[in-house]
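Comments concern the structure below.
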């Protein structure tokens, strides 16, 4: 009989130290939108500087879409209109699976609900522990906004292309 | 472009409708020029052109167009939020 896996420990996202950046291309050059409105938690079993995958980790993140900004209010208004932030104010990311890719890098699979549409996405993140009770996660993923039912934004002479790269930088503190 | 077209239409109508018709068109154009919607369009165009010129200037200066390193995402987003806050306060 094998010993039961030790319980997972919860790390709560520190939103003052976390951010999500959506980087798009347009016919006028790159346009990026970002927010620090990230909430949620990661349940994992830390083992030194890595994660013990014998206990399947879980995570649920909520990214507020309303504060999403490019620094240009004109672009922000158009983006908010296209992604309909009033109806869909939150993007939800739920971790479904994790595999070790290399030391401190993990291949994750998760469900992303954006603009009311849920898709399964996968990608690789780098994980570290800058402090013993703080987990840091960084990662990047590219997707097509049309997969989530978002029409390609365009206004005046500006046209934004549908492929968007998402960059994620998170810090989460061990819950007391 | 729309203004030029409206002016041309007004010119033709003015020449056909006589002085009175022409004055009506001029009055209508003035009303459009003074409307909140027209000023909104002008402000939006100025903001868009300003942002585009700044992007072009950045490219001409050889400034990096690459995405930030993943450890710099937070700093980049906070800078964008600062610009948005500045734009909001300057607009208000």
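The values are calculated or read from the model by the stated rules, or taken from the named source; none is laboratory data. Treat the numbers as computed from the prediction; the structure is a model and nothing was measured. Glycine gets a Cβ as well: all are built from the backbone with ideal geometry, and neighbour counts include every protein chain shown.
Structure above, values below:
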quantity	calculated
Yes/no for residue B:55 being at the interface with chain A (Cβ under 10 Å from one of its Cβ atoms), loosely packed, with under 12 Cβ neighbours inside 10 Å, touching a strand residue (DSSP E or B) at 6+ places or on another chain (Cβ under 9 Å) and modelled with pLDDT under 80	no
Residue within the range A:57-66 that is in contact with a helix residue (DSSP H, G or I) (Cβ under 8 Å, 6 or more places away or on another chain) and either modelled with pLDDT of 90 or more or within 14 Å of another protein chain (Cβ to nearest Cβ) (or both) present	yes
Where residue A:64 falls short, out of the listed (1) more than 25 Å from residue A:17 (Cα to Cα); (2) surrounded by 14 or more Cβ atoms within 10 Å (Cβ to Cβ)	(1)
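Listed here are the residues, each with its yes/no results for (1) crowded, with 17+ Cβ neighbours inside 10 Å; (2) away from every other protein chain (no Cβ under 14 Å); (3) under 20 Å from residue A:172 (Cβ atoms).
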position	(1), (2), (3)
A:16	no, no, yes
A:27	no, no, no
A:37	yes, no, yes
A:40	yes, yes, yes
A:77	no, no, no
